[in-house]
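Heads up: the structure comes next, in structure tokens.
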Amino acid sequence: MTQPVRSAGISTSTDGRWAPFPVQDWSTLPPPGADLGSPAGRPARSRRSRSPLIVILVVLALVAGAIVVANGLGRPHGGSAAIRYVPRDGAVGWAERSSAGAPAEPVVVESARYAAGELRAALDFTLATQVLAPVGGSYVGKDFWRTTTTSATGSDQPQQIRVYALGGDVTLIAESWPGRGMVFDPGVVELPAEVAVGSHWTSSGSAGTDADYAASFSASAAAGECLRVAGELRLTTKTGELRSRTVSDKLWCHDRGIVDVSETADDVTVTLTSTGRIAAPEGISTTPTAPPAWPEAGGWRSVTAKSVSVDPTFGEGPITAVPALLPPVVTAGGRIFRAAAGAEDVVAFAPYVDGPGDPARRWRSLWRLHPGGSVLSVAAFGDVVTVSTSLRQLVGYRDDGVRLWSVDLDELAFAAPVRLSADSLAVVDLAGSVRAVDISSGAVRWRSSTPGDVGTAPVAGAGLVVVADRSGAVSAFDAADGRSRWQLEIDQYLGAAPAGDAVLLVGEQTVQAVAPADGRRRWMRPYRGTFRSISAAAGGAVLTGRTGSQLLTADGRARDLPRSYAVVTAEPGTGPGRRFVGWADTRADLLDADGTVLAGREIPPLSVVDGQRLVAADRTGVLLATQTWDWLFWGAPPG
């Protein structure tokens, strides 16, 4: 879908008698369906205005600059000798974990760095309460490091969470996973501020509400910029009885954190050994297989569901972070992913069904993904989720929380990637670099570029990826190999969408269809007012403005729709006959492929604050995300 910043209305007539000021002579335009036999583009005119696209680029440049500043200020770094061992925000490590002779289990460890005010948003509610409530203001002014360890076996295990305070010393203040949940006050000193070879240190305090701890460690030399830290952690009851004794040997390395670990407690030894990147598993799904059709309109009903944050040890509570103003995405497996502002995590949810007949009125958190920096976009391709970040990266995850790959970009990529084929996607950054990326492995299949910087989202379809740069040039690249297929000049390009065997291009007061092979214009028609959005739907495209919408076909036919839709959500799958949902300011409509309304319902008014509908298509209906973590599901809910 193409949906730029501006909003507008659209004509419901093509009789040529209306035109915006200054008056344009619509009689010079060919009728819809005419075979023009000439390229749709033409040389740029010397007096042509490109102000809307320039404004968009200026805004994006300002936002990009703000993000760069935020990256420098909002993600802690530097400090004492101990802090130099802590990984940067977004760092990732791959390892194998083994216990009691069991087969080695591959895991992925992600690091997140936070300032004091950000920590609550970065933890599940009940864990955050356990960490922050007892310590009061003792951690004010300190920074924090959170690690999430995710099993890569596909077993859907909860993540292991550890939280460290960084105030000169590196202190462990909390850890949580099934069967283990502990909050240390004050924290266990893992590395003292001026740690060096030969250092020895101790620390002690409470371990939860019913135990105390005493720790003793020493540091010895290791190869490279590393230290080996060995010692023990003893837990006792409040009356002094020994509860457990853990003997540990950890290898800390500069900027990498804990690289190798061996811990023995109650004669059980657990080891964690660093490895190379985990290869993409066989059979990973990158595209939905035979997506089921949405239910018949008569079976649609609405359910309002609340999200809950679940810690495996301390239980559930509300989500502490503020949701980012980015659309949620749904994977082929039915999991929902949504970005959390402040924490800059992407949180995975699944419906929680209490029993037979329960309408899944709660969605519980599963995992937190943390690619680093600020989250700019989220997209789903089958069972793979991608996140573009302010670190100028595109990061790929399996929908069970395992990081698969990352691709470095030339510039920020605010627009979400688009699908090129069953196993590849296209991502475009602000510098105009276009990359085709393998969805499973992250391998770059081809790379091309536009003549200038890019400020609008790419569009894929009809074997092409279409990109417009700030000069007004619209470039089409072959989806298979990245070859330039054609390039056109469009008066104030505003958006595009595939429609059958054509590509629709929206410009200044006109929409035209061009042939994918060579960009030759097939037809052109006017529309009224300022453009709002264009979306592929029902084998054609829905063109929307402030006063109305039209369903356009590849051959130039147009049908007026009942209202102006801010955004359109298409039924999953391809081919004719697919239905779509139009989201208006206060109402949602389910429409068939001919644009006939089959069902409708009232929805919360579109607010000035968010200014957009945050929606996604599910296998059995659609989801509307709110400004909170609540969801409106409309369709045939699970359960």
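The values are calculated or read from the model by the stated rules, or taken from the named source; none is laboratory data. Since this is a predicted model, take the numbers as computed values, not measurements. Backbone-built Cβ (ideal geometry, glycine too); neighbour counts: all protein chains shown. Remember, those area values only see protein heavy atoms, side chains included, never the ligands or the DNA or RNA. Shrake-Rupley method; radii C 1.70, N 1.55, O 1.52, S 1.80 Å.
A few notes on this one:
- Distance (nanometres) between label positions extended 7 Å along Cα→Cβ at A196 and E241: 4.5
- Of the residues I534, L551, V474, the one whose Cα sits farthest towards the positive end of the charge dipole of region 432-587 is L551 (charges of +1 on Lys and Arg Cβ, -1 on Asp and Glu Cβ, taken about the Cα centre).
- Alpha-carbon centroid distance for the pair region 413-447 / region 163-187, whole angstrom: 39
- Two-site FRET efficiency, R447 against T628, from Cβ-Cβ distance with R₀ of 35 Å, rounded to 0.05: 0.30
- Whole-number D in µm²/s for region 370-486 (Stokes-Einstein; Kirkwood sum over Cα pairs; 20 °C, 1.002 mPa s): 154
- When the charge dipole of region 483-531 is built from unit charges on Cβ atoms (+1 for Lys and Arg, -1 for Asp and Glu) and taken about the Cα centre, the candidate among A497, W486, A517 whose Cα reaches farthest toward its positive end is A517.
- Descending semi-axes in Å of region 171-313, equivalent ellipsoid built from Cα gyration tensor: 42, 25, 14
- With the simple model of a label 7 Å out from the Cα in the direction of the Cβ, D594 to A223 spans 7.4 nm.
- Distance histogram in 10 Å bins (all Cα pairs of region 120-227, percent per bin): 13, 41, 32, 14, 0
- Two-decimal log10 I(q)/I(0) for region 451-578, as the Debye equation yields it once each C-alpha is a single scatterer, q = 0.14, 0.16 Å⁻¹: -0.56, -0.74
- Inverse of mean 1/r across different Cα pairs in region 198-267, Kirkwood, Å: 13.2
- Sorting the segments 118-127, 208-217 by their residues' average number of neighbouring beta-carbon atoms within 10 angstrom, most packed first, yields 118-127, 208-217.
- Largest-first principal axis extents, alpha carbons of region 144-202, Å: 41, 24, 18
- Of the two radii for region 373-435, the radius of gyration is 0.93 times the Kirkwood radius, both from the alpha carbons; that is the Rg over Rh value.
- Kirkwood hydrodynamic radius of region 521-626, from the reciprocal of the average inverse Cα-Cα distance over all distinct pairs: 14.1 Å.
- The label-point distance for S484 and R180, in a model that sets each label 7 Å from Cα toward Cβ, rounds to 5.7 nm.
- Fully extended contour minus Cα-Cα distance, from S204 to S262, at 0.36 nm per residue: 18.7 nm
- Per residue accessible area in Å² of region 496-541, where ligands, DNA and RNA are left out and the probe is 1.4 Å: 23
- Accessible area per residue for region 322-480 is 27 Å², calculated with a 1.4 Å probe on protein heavy atoms, without ligands, DNA or RNA.
- Translational diffusion coefficient (Stokes-Einstein; Kirkwood radius from C-alpha pairs) of region 538-587 at 10 °C, 1.306 mPa s, in µm²/s: 141
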